[in-house]
Amino acid sequence: MDNISPLAKTLAESNGIDWRSIQGTGDGGQVVEQDIINYLTRVMSGEEEPPATPVDLPPPDWTGDELPAGMSAEMLSQAGVDSDIAAMVSQPPVAQAPQAKAHSWKKTSSSWIWKTSLSRSRWT
């Protein structure tokens with residue numbers, strides 16, 4: 001059985017704290033809510049290092065270019081992602097427009113002329 005009160009356990013888990021490393025002050029050394037609050041206070045004041053935040057690895061076949069299969073804007077919204085961001089993320093990627101050259105050489109009847117983007121409309 002866990003030696004932590006239910007409220008303290010919820011508070012610890014929601015803050016990513018390994019409560020097993022905290023010395024409890026409750027009956028029989030039970031970790032109570034105040035122990036978690038005291039730990040968080042020490043972390044906030046810089047007396048202790050914050051707990052490591054576990055990060056789930058992305059699926060092995062995910063390239064980052066699109067949402068994983070089965071993911072939708074609605075699912076992102078339900079997970080707490082702002083609706084405008086969820087909608088933007090779920091849109092297909094926009095194709096990059098070809099980049100026009102800013103300048104080039106243009107052959108005239110008797111010589112070469114340096115053509116810049118400002119004069120492009122006259123020459124194309």
What is the set of long-range amide H partners of Ile4 at a cut-off below 5 Å, with H atoms built 1.01 Å from backbone N? Val31
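Need one number: convex hull volume per residue for the stretch 1-44, Cα atoms only, in Å³.
64 Å³
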From a point 7 Å beyond the Cα of Met1 in the direction of its Cβ, which residues of the stretch 11-40 have a backbone N at a distance under 14 Å? 27-31
Net charge of Cβ neighbours under 15 Å - reference Val43; Lys, Arg +1; Asp, Glu -1: -4
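Go through 26-32, 45-51, 2-8 and give me the packing order, highest mean Cβ count within 10 Å leading. Could you put the intermediate results ahead of the total?
Details: 26-32: 13.9, 45-51: 10.3, 2-8: 15.7.
By packing density, highest mean first, the sequence is 2-8, 26-32, 45-51.
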Spin-label point model (7 Å from Cα, Cβ direction): what's the Gln23 to Gln78 distance in nm? 4.5 nm
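No value in this document is a laboratory result; all are computed from the given coordinates. Nothing here was measured: the structure is a model prediction, and the numbers come from that model. Positions of Cβ are backbone-derived with ideal geometry, glycine not excepted, and every protein chain shown enters the neighbour counts.
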